[in-house]
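A quick write-up on the structure given underneath.
Every number in this text was worked out from the coordinates using simple rules, so none of it is lab data. All values derive from a computational prediction rather than experimental measurement. Heads up, the Cβs are rebuilt from the backbone with ideal geometry, glycines too, and the neighbour counts pull from every protein chain shown.
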Amino acid sequence: MRISMKTIYWSLCVLLATSVTIYGQEKSTQRADLFGTIRCGTDIPKALIGRFMPNERVALTEARHKNLGLKNLGGGDISERLDSTSWLICGNEYMLITDKKSIVRDVLQVPQHSKASPEFIGLCRVNNKQLPEVIVAILNNRAGVENLSAKFAWKIDPKTAKFVKLDAEGMQCPRDGIITADGGN
């Protein structure tokens, strides 16, 4: 049996078209649903890093992922090229750094916080010297003081778009950078 070049050509075209279609569906699914592959009890940061965060109504995203207890906790600009968004996923808070193309660059599982230990994002000082990077921290709340000491802290490296764990000793952060509803006032 002899196969003609025309048959080989059309077979390759069909194979290529099928591959592109499957790859395209995979990619569009990945772009369409950031939380679609998440399962409670798995490595959530690993599942999110490198994925696309779609720009859709939060209520739709939360409703589609009730099984994860998904809730948007808010976010904002970190720099000209980076944003942050916090999500409650499977009972834990995760802060995501995204670039301006909406790709998740890094994820931090935020430690538990409360009125006594509020969450903070902003600029801090160490030994009275201003740190240049944006800091994410859990603070020690004390009544009557404007600057609070940090229990845990990470800087957001603007070049690598990564969270970098810091030694919190001597770190003081202003009360006005507290970002959580559980407050600290």
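Quick notes
- Straight-line cross-link partners of Lys129 among the aspartates and glutamates, defined as a Cα under 19 Å from its Cα and at least 8 positions apart when in the same chain: Glu146, Asp157, Asp167, Glu169, Asp176.
- Taking a sphere under 13 Å around the Cβ of Asp77 and counting the other residues whose Cβ falls inside, with K and R at +1 and D and E at -1, yields a net charge of -1.
- Scoring 59-65, 166-172 by mean Cβ neighbours within 10 Å over their residues and listing the highest first yields 166-172, 59-65.
- Ordering of 132-139, 49-56 by packing [mean C-beta count within 10 Å, highest first]: 132-139, 49-56
- Counted charge near Leu108, where neighbours are those whose Cβ lies closer than 15 Å (Asp, Glu -1; Lys, Arg +1): -1
- Length gained when the stretch Asp167-Asp77 is fully extended (0.36 nm per residue, less Cα-Cα span): 30.0 nm
- Cα gyration tensor category, rounded, prolate or oblate, for the range 32-110 with a/c compared to 1.5: prolate
- Of Lys66/Lys162; Lys100/Lys155; Lys101/Lys165, pairs whose Cα-Cα distance is over 21 Å: Lys66/Lys162; Lys101/Lys165
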